[in-house]
């Protein structure tokens, strides 16, 4: 008499066969710092500041690992003029130097911006200062530093920093960004001058911003404020 195989045994064999044929799960490669930076911009645009912070901290870790064994002074340049400036400075100082793309500098800059949004000015200052170690003449970074000084109530230091940003925007900012970065620096100077009681100088600086960009509504609003005093 033929012996019947029980149903549970058949199911067990089927399961073993399925398990044996399954491929190993694909291991996801970790996100690159560039991808993490892109994600952080999207989080900030969506108002998800804490998500942006967590993402940027992962990118910062990758940047730190990348530069851990590099003994050269690392600069980040956005334009040929800026690159030449850093190399010339290194020649005078006789320092081993490399000039790279702006990824890790931008990570620290955006960390600074994010900490400002979270009202953590100490960490904001730390990271924007780190960004400026990579790119000392970057006008966008300098304007963010000026903004932090304003929030701290140090309007003279803010004024000096925005003036440096204005000068550097004119000399080094890439053409597509020059108008925007000059405008921000000029407005920052104007805001600081208002707080320092120099209203006529502030008015002149906001008018410069409007001459640069007639659609600068922030400069227009500040002029209206001064005229209302």
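The values are calculated or read from the model by the stated rules, or taken from the named source; none is laboratory data. Nothing here was measured: the structure is a model prediction, and the numbers come from that model. Cβ: placed from backbone, ideal geometry, glycine included. Neighbour counts: every protein chain shown.
Checking the conditions here, which among 147, 108, 127 is part of a helix (DSSP H, G or I) and out of contact with any helix residue (DSSP H, G or I) (no Cβ under 6 Å at 6 or more places or on another chain)? Result: 147 is the single residue among 147, 108, 127 that is part of a helix (DSSP H, G or I) and out of contact with any helix residue (DSSP H, G or I) (no Cβ under 6 Å at 6 or more places or on another chain). Counting the residues of the stretch 52-73 that are surrounded by fewer than 19 Cβ atoms within 10 Å (Cβ to Cβ) and either free of Cβ contacts under 8 Å to residues at least 24 places away in the same chain or not in a helix (DSSP H, G or I) (or both) gives 10.
Given the condition within 13 Å of residue 142 (Cα to Cα) and either modelled with pLDDT of 95 or more or surrounded by fewer than 23 Cβ atoms within 10 Å (Cβ to Cβ) (or both), answer yes or no: does some residue in the stretch 189-204 qualify? Lay out the reasoning, then the answer.
Kept after step one, since they are within 13 Å of residue 142 (Cα to Cα), are these residues of the stretch 189-204: 189.
Restricting the remaining residues to those that are either modelled with pLDDT of 95 or more or surrounded by fewer than 23 Cβ atoms within 10 Å (Cβ to Cβ) (or both) gives 189.
So far as the stretch 189-204 goes, yes, one or more of its residues are within 13 Å of residue 142 (Cα to Cα) and either modelled with pLDDT of 95 or more or surrounded by fewer than 23 Cβ atoms within 10 Å (Cβ to Cβ) (or both).
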